[in-house]
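A short reminder: the numbers here are calculations on the coordinates, not readings from a lab. Because the structure is predicted, anything quoted here is derived from the model rather than measured. Reconstructed Cβ throughout: ideal geometry from the backbone, glycine too, with neighbour counts over all protein chains shown.
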């Protein structure tokens, strides 16, 4: 089925470990995003990508790394996880002109990460 | 002043009532405005765009007030299923999707 999927949905890890959250979309959307959502902060943009091999920082990029070797995949890596990175992570995508017309970002179901 | 501000609530409203909440934005050059809905522990989903002339979709009405820099969402004849968090989204740049700024959300609880 077409859509945007994230994995894993739930992850518990320890401080200092590397964690990779996967995001895969089947629409060939050009733009992809990673947000984190925390109580009291709402959704905050971590990184985004306008196309394959093009990535850029968002509001809170520190401690995260992304890559976009293929249009459909946008993994997010926490190179050395910290407790402050405990959060719900949402991946989203949108077509090249969609957002200016409809504002419709399509979100994955979220990845809930706990760093102990 | 934060870019996008919403009253976090919760708004506790009896079923069948009308409820409205606002969202203020700081960038007067903002051009695109949206309401998203997020159910508990779920992903946000687009509810409706907000046009300058206002727009209505069934029981939902969205309006934009550029002079006072706020958008509003009105829900008539509220249903239990309307219980959710409503996120205000503003695109300050009026262009790319990377500019979308989310409010922290207003929590709505419809009571039977």
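Quick check on the exposure proxy: order A:48, A:10 from fewest to most C-beta atoms within 10 angstrom.
A:10, A:48
Let me know the shape class of the stretch B:27-99, please: from the alpha-carbon gyration tensor, a ≥ b ≥ c as square roots of the eigenvalues, rounded when a/c is under 1.5, otherwise prolate if a/b is greater than b/c, or oblate.
Cα axes put the stretch B:27-99 in the oblate bin.
What is the order of B:23, B:40, B:88, fewest Cβ neighbours within 10 Å to most?
Least to most surrounded, the residues fall as B:40, B:23, B:88.
If you count, for every residue in B:98-105, the Cβ atoms of partner chains within 10 Å of its Cβ, what is the mean?
Mean inter-chain Cβ contacts per residue within 10 Å come to 6.
Residue by residue through A:104-111, how many Cβ atoms from other chains fall within 10 Å of the Cβ on average?
On the way: counts 6, 10, 4, 7, 1, 3, 4, 0.
Going residue by residue through A:104-111 and averaging, the value is 4.
So what's the back-of-envelope 222 nm ellipticity for the protein assembly as shown, counting only DSSP H runs of four-plus at -39500 (n - 2.57) apiece and dividing by all residues, rounded to 500?
0 deg cm²/dmol
Return an integer: the convex hull volume of the alpha-carbon atoms of the protein assembly as shown, in Å³ per residue. All intermediate terms of the calculation are to be shown ahead of the outcome.
Working: hull volume 28.8 nm³, N = 228.
Normalising the Cα hull of the protein assembly as shown by residue number yields 126 Å³.
Binning at 5 angstrom from zero up to the longest distance, how are the C-alpha pair distances of the stretch A:2-51 distributed in percent?
Percent of Cα pairs in each bin: 4, 14, 20, 25, 22, 9, 4, 0.
Inside 10 Å of the C-beta atoms of B:41-50, what's the mean count of C-beta atoms belonging to other chains? Could you put the intermediate results ahead of the total?
On the way: counts 4, 3, 14, 9, 4, 6, 1, 2, 4, 1.
What the average comes to for B:41-50 is 5.
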